[in-house]
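Below: one structure, written as structure tokens.
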Amino acid sequence: MREHEKTFLLAVNGTLMRGLELEHNMIENGASFESEARTASCYRLWSINDAYPGMIRVDSEDPGAAKIDVEVWRVPASGLAHILAGEPPGLAIGKIELEDGRFVFGVLAEPLTVKGMREITSFGGWRRYMDEKED
């Protein structure tokens, strides 16, 4: 990262998280881990063929809406596009509301991406879903 390059906070909810298979995409693009966090309770989460999650914002009145575990990373502007380019089709960067009321950039799924996939919102996050799936 260049010394005075602008950075952004990016919330990730799946394979880009620490210790998972695409964390290297974060590191190689100059990102640094900031904190664990949770979203506001207006998201739903799906497993896309057990390869990665897809998260969608829904109305907070939606009975299936919940808080989802995420990691917040600080990413240099030059790395943000490279990280997005490495994401599967159907995932995009949008704004995610965190439990503390902040809005940060984050990885969200297009609605068509989750159609027909297994909803895993009740697990509260990708890592917990994968851990319980392996048991």
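The values are calculated or read from the model by the stated rules, or taken from the named source; none is laboratory data. What you see is a predicted model; the values in this text were computed from it and never measured. Counting neighbours? That spans all protein chains shown, and the Cβs are built from the backbone with ideal geometry, glycine included. The area values use the complete protein model at the heavy-atom level, side chains included, leaving out ligands, DNA and RNA. Shrake-Rupley method; radii C 1.70, N 1.55, O 1.52, S 1.80 Å.
Somewhere in region 50-57, is a residue more than 14 Å from the chain's Cα centre (by Cα), over 13 Å from Leu10 (Cα atoms) and open to solvent by 30 Å² or more (accessible area, probe 1.4 Å)? Yes. Looking only at residues in region 1-27 that are surrounded by 12 or more Cβ atoms within 10 Å (Cβ to Cβ) and free of Cβ contacts under 8 Å to residues at least 24 places away in the same chain, the one that is farthest from Phe103 (Cα to Cα) is Glu21. Say we look at region 105-116 and pick out the residues that are without any contact (Cβ under 8 Å) to a residue 60 or more places away in the chain and under 18 Å from Cys42 (Cα atoms); which of these is surrounded by the fewest Cβ atoms within 10 Å (Cβ to Cβ)? Top of the filtered list is Pro111. In region 117-132, the qualifying residues are those that are open to solvent by 80 Å² or more (accessible area, probe 1.4 Å) and not in a strand (DSSP E or B), and the one that is nearest to Glu87 (Cα to Cα) is Arg127.
Within this structure, Gly86 fails the test of being at pLDDT 95 or above and either in contact with a helix residue (DSSP H, G or I) (Cβ under 9 Å, 6 or more places away or on another chain) or of a type outside the set (A, V, I, L, M, F, W, C) (or both).
Identify, from the list Ala65, Ala85, Ala31, Ala37, the residue that is farther than 24 Å from Ser122 by Cα, small (Gly, Ala, Ser) and open to solvent by 20 Å² or more (accessible area, probe 1.4 Å). Matching residue, one of Ala65, Ala85, Ala31, Ala37: Ala85.
Look at Val70 and say whether it is in a strand (DSSP E or B), open to solvent by less than 10 Å² (accessible area, probe 1.4 Å) and touching a Lys or Arg at 6+ places or on another chain (Cβ under 8 Å). For Val70, the condition - in a strand (DSSP E or B), open to solvent by less than 10 Å² (accessible area, probe 1.4 Å) and touching a Lys or Arg at 6+ places or on another chain (Cβ under 8 Å) - is met.
Restricting the first member to region 69-98 and to residues that are free of Cβ contacts under 8 Å to residues at least 24 places away in the same chain, and the second to residues that are surrounded by fewer than 19 Cβ atoms within 10 Å (Cβ to Cβ) and small (Gly, Ala, Ser), the beta-carbon pairs closer than 8 Å and six or more apart or on different chains are Leu84/Ala92.
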